[in-house]
Structures are given as structure tokens and as C-alpha cells.
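Beneath this line is the structure, given in C-alpha cells, with notes to follow.
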Amino acid sequence: MRAFFDWLDDRTGYRDLVGAALYEHIPGGARWRYVWGSTLVFAFFMQVVTGFVLWTAYSPSAQTAWESVAYIQYDMQGGWLVRGLHHFMAQAMVVLLALHLMQVVIDGAYRAPREINFWLGLILMQIVLGLALTGYLLPWDQKGFWATRVATNLMGIVPVVGADLQRLVVGGTTYGHHTLTRFFALHAGVLPALLVFFLVLHVALFRRHGIHARDPERKPDHTFWPEQVMRDAVACLAVLLVVLGLVFLPGLGDRPAGAPPGYYLGAELGAPADPASPYSAARPEWYFLFLFQFLKFFHGETEIYGAIVIPGAVMGVLFLMPILGRWRLGHGFNIGFLIVMGIGIGALTVQAMVEDRGDETYLAAVEQAEMNATRVRDLTHAPEGIGAAGALALVRQDPMIQGPLLFNRHCVMCHTHVDENGHGLAGDEAPTASNLYGFATREWIAGLLSPEHIGTAAYFGATPYKQGDMVGWVNDTVPSMSDEEKADLQKVVAALSAEAHLPSQEAIDARDAATIEEGATLLKETVGCADCHRFHDAGELGSAPDLTGYGSYGWLSEFISDPTHERFYREAVDGGMPGFATHRENPLANKLSPEQLDVLVRWLRGEWYRPEFTLASTTGEGAAADPAPPPASDTTSAAPTPEASSEATMPAAAEPAAENPSAPAEPVEEPASPNEPEPGEESPADSPQAEEAPTEDAPAATPPAEEPPAADSQPSEEPTPTPEADSENEPAPSEPVSEEPSATL
Amino acid sequence: MVSSDRTSAPRDARAGDEDRRSFFSTATAVIVGGIVSVFPFAAGLLVLFDPLRRQGSAGGFLRIASLDELPADGVPRSFPVITDRVDAWNKFVNEPVGMVFLRRTKEGVAQVEALNAVCPHAGCFVDFLSKESHFQCPCHDSSFEPNGTRIHPERCPSPRDLDALAVEIRMVEGREEVWVEFKNFRAGTPEKIADA
Ligand code: FES
């Protein structure tokens, strides 16, 4: 063995190298204050290793970057761990850099003969900050995208070359594939190579000049190995533990039961970048917050001072420090400068955070951003998966995310979508059309057929039909009904509601098949609906909307497209609902594109993917409370500025609840069912069945179907029609919906 | 070793020759070495500078909304701008590429003003706060009147007012539609310079 090492040494001289590396002389002995440089090298080493691993799974393009990072985070074994380490170690590195710089300046370790090494250190610092900036974009989520957009726009204000420089960095005039390929090349190629190059020089010079001992007489001298190495190793361990702590910290909060660890551990991942939709939660990473805040103080054309001149001047002073430090006062100045700089950065950072904390618009935007992020994560695990168009397409086609936006844009001027607790979407002014929350559910229809509710703003109260035949019929006929007739009416409610095939009622519709059939017969023959309405083979079109398929996907789509069609109201009425897709030959002229119509209809019907894992906390309550807590809940306070930021109002929240298999709506209904289901009438019809229902439903519910849907299909509907037609469409349930009714029939 | 043998002998005699040759060698080494090592960079720059000769996709009026979608009271409303977009090797058909705010300038009249939603400061999208009735940028707090002018030009981070876009009202199948010449402008400059 010995012979082998001798041979090796003869050919390579490795013993000298190792000796030089390990037995560096440390005057005054090993000290803890010398560890910062080593921890930085360690941090960089971690970044290289984790970075290469991430590289094996990352795909830089606008359609694959977010998707591949999501896959790493949520699906790959250990992906969240490696990504979390890389993410938090990057932040640790920035902190360590600051500490290292402070220690060097305070100890005066930049003075001759170490000036060049100090400069090399500053160059390394720039490279590390460049790595942080470029890395922030790579996941291509909203946060990274908007922060980078601001940063690169600032680059554009550099005189003369700014615009070209920005184009070169962005890879064109718009952000896209080449922004990512370029940033990735910088982040994984150019900058690390430069960093290694300068690091080698930095360490070589450091070795050449030896450590700068503060008080060499303090203790007997040591060699680097093992005394200092031991301290360095312990310090690196401490850094690692802190970073690991950050990776695992989110696990202390709510976590979806049974979800994979990537759902709640490690670095966060926002919703995929959407260059065309506003993102009011845009902020840089915390260590750049001070710059962000600093910019607020520069107005108009002075911006260049805040963005470039002053930061450049500060860096300039740092570069001059070794020279200034030659004079006695200079060293004091340097230390003072550093302290002032530190305080300034700290104060700006705190100020930025305090301002944000008091800014409701910002806080709402952050909450929205988090809900969207969760929703997209769930969507990527929907059976449809992520298609070739990428995850952004999922966001754009998701009823849960887009439905409320569309409703706010197109419907809220007349309609509301508000649940029993008053949460939901509503315009600034009093509604002139029905509340579409729960449209076509049994509760909703029962409210329509109840004298107490039909005349309220939730149904026909605010519409041109408030004096119509439908209102008249309900007010005249229903109160005088016998108990038996009222029971029949409940069956009619169930039958009509079953036409919609709402996902939320799938289980009870199946359970009540017999009642529904009976109700359909009553509807056609006995109760009198067919006197005005058509219903399958009974009645005629012409005086009131067609009840065939009432509230179904097809019915709603057609209704919203053109409520004046002969199947519905036949002609426009003052204050009536406009058509949203009346131009069949020229879809561009329609207010709603086919895709938007699809999303809106599905949202109103509560048809969207329910995730497999939801937060335990949410599930319990949501589900139990009301049968049909639709998506609406999300909006809670949404109403504020609907139009302004389209995203503001998204709904993501509600959905979690839905998921729970067990608890959902049905149970609640059960009790009620027997007797007073709907506000008014539902009675007894199926008590027997009702009882069992709970059990059955539960299982069924699990899947997506369960949720109560959004229910309102009527968005579009406004009562346009002729006087008589009031039909049922417009009204919405005010609060009638109490809990009981729902399942009853 | 080898070289020492050679140099030791008839050195003086060939000194002039040697000098010439060594000058020639030095020059050749520097020039040829320089060329070969710069070559890959020069070739690479062609590719790296490619974005400088790309044209933006600007131009032309796009249909944004029908006139009746605008509130009569002159409150601005946001609309997505939908058009085809090319991103390097992909073409996306009918994609949202930006956002504009439209508002009627006079009650009930078909006069419409369009503003690009991008903040001229550094490119965030502004919000319209209906309560305060002004535009607010969520990034560095620039604020603008509903007509796009800065509320406090002396302390507004944005160097210019929101960028107005040309508007046309066109009759399509009997409906009045709002068409806008959609463009993006360079951020951070007092002048409005369209992205080429
Ligand atoms: S980007 Fe709007 S204020 Fe800075």
C-alpha cells in the first residue's frame, strides 16, 4: 500500500498538495470567526450538487418549465427535498455572504496585500446575486415571472444600451421560451463557471497571503487541520440544519390528509406564469425587497438613480474600501459605511414588509395567489393531466378559477351568486335578476315555487317578470294546495331538478329515481306546468321556457347564448337578458367565446375537478354545513373590485371542502327530508328513502360528483321575454335554501 | 535536453535568422492564436444577438369588446387582448397577450378611451380600485386617474402617464364594437416608445 502511495506521489506530487491544503498555518489559533468563507464554499457545493440533480428533471421552456418543476415538487421521490434544499440554501448563501463581507471589513482583512482578493470576493458576490436573480425565474411561476419582469425592465433604463441589453437578456421583446433558455444557460452554465473560476482565484490568493489573523498572539498557532476544519465543519452543519429546518417548516401547518410530502414541504411553487393576466402579489425574493422598496422613492425620470446610479455607487464604495482603508480614518469610514448600509437595507426591508402587511389589496392578491397555486397543483393531478399546451391551459379552462371571473365580468351587473351566508359574487348595485347560487338544485327550484320567495330579488322580484304569469301562478295556486298536493309539488321539484343532472345531486337523483319519475308525470299531467311550458312530450313551446333538460349543460349553454330563442323567452324584453353568443357564424362578435361559455356553464353547474387531497380542516366544516356549498364561497369578499383585477375574485377556496368523501351534504339533508324540505313545501314525499340516503351518498360522493355545484345556471338569463313568460328561470333562491330542503326528495 | 543541444552550437552565426524567425513565430502565434480563440465567440455572438433583429408582433387593430359592455358611467373596465402570438418556435392561436382598460369618455356616447394596463414604471399590471376610483399599481404604488394621468407626477414612480392606445369604433353586424391598436411600450422612459 505504502508503495502505491509513494508511486502516486512521485507521479503527481499529491502529498505536497494535500499538505498545503491541510496544514495551512493559522497564527493565533483556529477561531470560529474564520468559518464564514468555508460555509460559503459548502453552500456553493450544495447548490452545485442539488442543482445538477434538478437539472436532470428540469425543462426550460414556457410550456414545460413550470410543469417540470411541479413534477419534481409533487411527484418525484425526494424532489421536494432537493428543490427545498436548493431554494433555501440559495437564501442562506446570501446571508452568509453578508456575514463574510462584514467579518472581512471589520477585521480589516481587505488591506494590503489582500486588496485583489477582496475585489475577487466582491465579484463573487455579484455572481451569487446573479444566480439568485436568474434562479428565481426558472420555475416560471407567477411570482418569479413578475419579479423578473420588473427587474429586466429596470435594466432597460440604462442609458443608450439599456433597451438592447434587455432584449438580449429576455431573448426578444416578449417573455417566453427564450427568456427561460437564456436564464437557464446563465444560471446553470455561465454564472457557475464564472463562480468556480473566481472562487479558485479567491482561494488561491487567500492561501498565498494566509489567513488575516486579528490578534496573532492570542493563542498558540494552529494548523488548518484539524482545529479549523473541525470548526468549519460544525458551522456547515449548523447551516445545513437551518436550511433543513426551513424545508420542513411548512409541514407544521395545515396539511392535506394523505397527500404526498411535496404538497406541503419544501419550497413553494406559485401558479404558472401568465404574462397576460394581472398579478398584484408581485414581489422580489426577500433579500431584494430593500431594492424594491427603494425604487418607490424615485419618481419619474429620477428612477435611474434608484435603480442604477445609487446601487452602483454603493458597490463602487465597496470596491474602494481596500484603498480607503490605507488611511487611519478610512478603516473607520469603511466600517461605518457598512453599518449604515446594513441599517438602511434592514429599514427598507422592514418598511416594505410593514407596508405590504397593511395593504389590503396586496393581502387579498396574495391569498388569491395561494389559492390559485393550490388549485393548479390539484389540477395537474386531475385525470386529464397536463396536456401539451401546458399547465396554463388548465388554469384558463378551469371553471373553479375562471367561473367567478367570467361571472364578475358578464353577469354581475344583473345577477348575484350568493350563498345562504351571504358570501359570493354581487355587483355594486342592487341586482336586477336572480341569484344563481344553486341554480336548478332542488332547493333553488323549491324556492321558485314558494310564494314567500318567488317575489324576492333572489328570483323574479327585480326582473321584468315580477308581475308575470309564473309569479301569479305560484302566489295564487300554491298557498291553497292541500298537503297531498304540496307533497306532489315536491316531487315535481325533484323531477325538474333531475333534468339538470347536476353533479352535486347525482347521488340523490339516483336514490330518488322513482320519485323523480312520479314527479315528471305529475309535472306533465297534473300540476299544470305543461299548460305553459313544454316538458319532453308534453306542452308546447311558445309561451314559456322549455323545461326539457332544464338546467342541464346543453340547456344552460343555449339559454345563455340566446335567451330570446323560441325555446326560451322568444323575444327581447326591456331590461331582459341579452344573448351572449348569438352570432353563430361569427363567434368573434360574441361576448362569450365557446370556451368561456363552456367554463361559465360548468361553473354554474358545479362541474369541475375535485382534488384527491384537501386540507383536513377545511373539509370537515365545509361539507357538513350546507349541502351545496358551491364554489361561490370562495369569493367571500370578492366583490370588491371585480373588474379591476380579474383574478381578484377567484374562488379557489371552496373546493376543498367538496372533496371529502364522507361528510358531504347529504347527511344534513336527511333529517330534513321528511318534512320540511324546502322552505315551503317539500314534504314527506320520501321520508323513508331519505333516511337511508346519507349512507349511500357518502360513498358516491367521494368523487367529484358530490359537490354541490355552483348552481346557478342562469347567468345569462335575464328575463327578456314576453310578459307572460315568467317561467322559472330567473329567480334565485334568496335564502330559502336553508339546509333542510336539499335532499329531500 | 533536446533544445540545449541545438542552441549551444552555431548560435552567433544564425542570430539574425533566429531573431527574424522568432519575431515571425511570435506574430503568428499571437495572430493565429487570437483568431482561433476568438472565433467561437464571434460565431456565438451571432446567435446570442439574434433577439436584436426580431420584430415584435405589434400592429393592427384588434377587437376588444362590444360597446355595450362598457359601463355607461365612464368607469374603466379591463379586457383581455386576444390575438395570435408567436413565441420562438411556437405559434399560439387566439391567446391572451395583454390587458387594456376601456372607458367611455362621455356618458352614453360612443367615445371610448383605451389604456394599456401595463404600468409604465416597470411593467406590472395596474388595478382599477373602484372604491378610490383610480388606477393603482400593485408594485411601487404609482397611481393614475381614470383617464390615465398620474395623480402625483412629482412623487409617482412612473415616469409617464398610462399609455393610451388608438381606438376605433366599428360597426359589425349592427353592433358597435371597440377595436384597439394594441401595443406595448418601453418601461421606465418618460417618452412613450413602442416596443418594436
Ligand atoms: S411597476 Fe408600477 S409602480 Fe413600479
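The values are calculated or read from the model by the stated rules, or taken from the named source; none is laboratory data. All of these numbers come straight from a predicted model, not from anything done at the bench. Using ideal geometry, Cβ is built from the backbone for each residue, glycine included, and neighbour counts are taken over all protein chains shown. Please note that ligands, DNA and RNA were not included when accessible areas were found on the heavy atoms of the full protein model with its side chains. Shrake-Rupley method; radii C 1.70, N 1.55, O 1.52, S 1.80 Å.
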Test: residue in region A:118-139 that is farther than 30 Å from A:Pro216 by Cα and in a loop (DSSP other than H, G, I, E, B): yes
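Okay, residues lined up against (1) among the basic types (Lys, Arg); (2) open to solvent by less than 50 Å² (accessible area, probe 1.4 Å); (3) touching a helix residue (DSSP H, G or I) at 6+ places or on another chain (Cβ under 7 Å); (4) free of Cβ contacts under 8 Å to residues at least 24 places away in the same chain:
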site	(1), (2), (3), (4)
B:Gln55	no, no, no, no
B:Leu62	no, yes, no, no
B:Pro71	no, yes, no, no
B:Val86	no, no, no, no
B:Val93	no, no, no, yes
B:Ala114	no, yes, no, no
B:Cys119	no, yes, no, no
B:Ser130	no, yes, no, no
Residue list for region A:361-387, restricted to those being at pLDDT below 90 and more than 10 Å from chain B (Cβ to nearest Cβ): A:Glu384
Candidate set from region B:164-196 (those that are small (Gly, Ala, Ser) and touching a Gly at 6+ places or on another chain (Cβ under 7 Å)); member that is farthest from the other protein chains (Cβ to nearest Cβ): B:Ala164
Search result, residues across region A:234-290 that are in contact (Cβ under 8 Å) with a residue 40 or more places away in the chain, within 14 Å of chain B (Cβ to nearest Cβ) and either assigned to a loop (DSSP other than H, G, I, E, B) or open to solvent by 40 Å² or more (accessible area, probe 1.4 Å) (or both): A:Ala273, A:Asp274, A:Pro275, A:Ser277, A:Pro278, A:Tyr279, A:Ser280, A:Ala281, A:Ala282, A:Arg283, A:Pro284, A:Phe290
Residue in region A:136-158 that is within 30 Å of A:Glu115 (Cα to Cα), among the aromatic types (Phe, Trp, Tyr) and either away from the ligand (no atom under 16 Å from the Cβ) or modelled with pLDDT under 95 (or both) present: no
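Every residue, every condition in (1) out of contact with any strand residue (DSSP E or B) (no Cβ under 8 Å at 6 or more places or on another chain); (2) in a helix (DSSP H, G or I); (3) over 28 Å from A:Trp603 (Cβ atoms), yes or no:
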residue	(1), (2), (3)
A:Val478	yes, yes, yes
A:Glu484	yes, yes, yes
A:Val492	yes, yes, no
A:Ala500	yes, no, no
A:Gln505	yes, yes, no
A:Thr515	yes, yes, yes
A:Gly519	yes, yes, no
Filter result for the condition that a residue is aromatic (Phe, Trp, Tyr) and within 14 Å of chain A (Cβ to nearest Cβ), over B:Phe24, B:Phe49: B:Phe49
The one condition in (1) open to solvent by 10 Å² or more (accessible area, probe 1.4 Å); (2) of a type outside the set (Lys, Arg); (3) in a helix (DSSP H, G or I) that A:Val158 fails to fulfil: (3)
Matching residues in region A:63-78 - criterion: being open to solvent by 20 Å² or more (accessible area, probe 1.4 Å), touching a Pro at 6+ places or on another chain (Cβ under 9 Å) and under 19 Å from A:Thr179 (Cβ atoms): A:Glu67
Condition met for A:Tyr287 (away from the ligand (no atom under 12 Å from the Cβ) and either at pLDDT 95 or above or within 19 Å of B:Pro120 (Cβ to Cβ) (or both)): no
Subset tally (residues that are within 14 Å of the ligand (Cβ to nearest atom), on the phi > 0 side of the Ramachandran plot and more than 9 Å from chain A (Cβ to nearest Cβ)) for region B:109-163: 1
Contacts under 7 angstrom Cβ, first residue in region A:376-402 being over 14 Å from A:Phe613 (Cα atoms), partner acidic (Asp, Glu) and part of a helix (DSSP H, G or I), 6 or more apart: A:Ile386/A:Glu67; A:Gly390/A:Glu67; A:Ala391/A:Glu67; A:Gln397/A:Glu595; A:Met400/A:Glu655
Residue that is least open to solvent (accessible area, probe 1.4 Å), among those in region B:154-187 that are assigned to a loop (DSSP other than H, G, I, E, B) and modelled with pLDDT under 90: B:Gly174
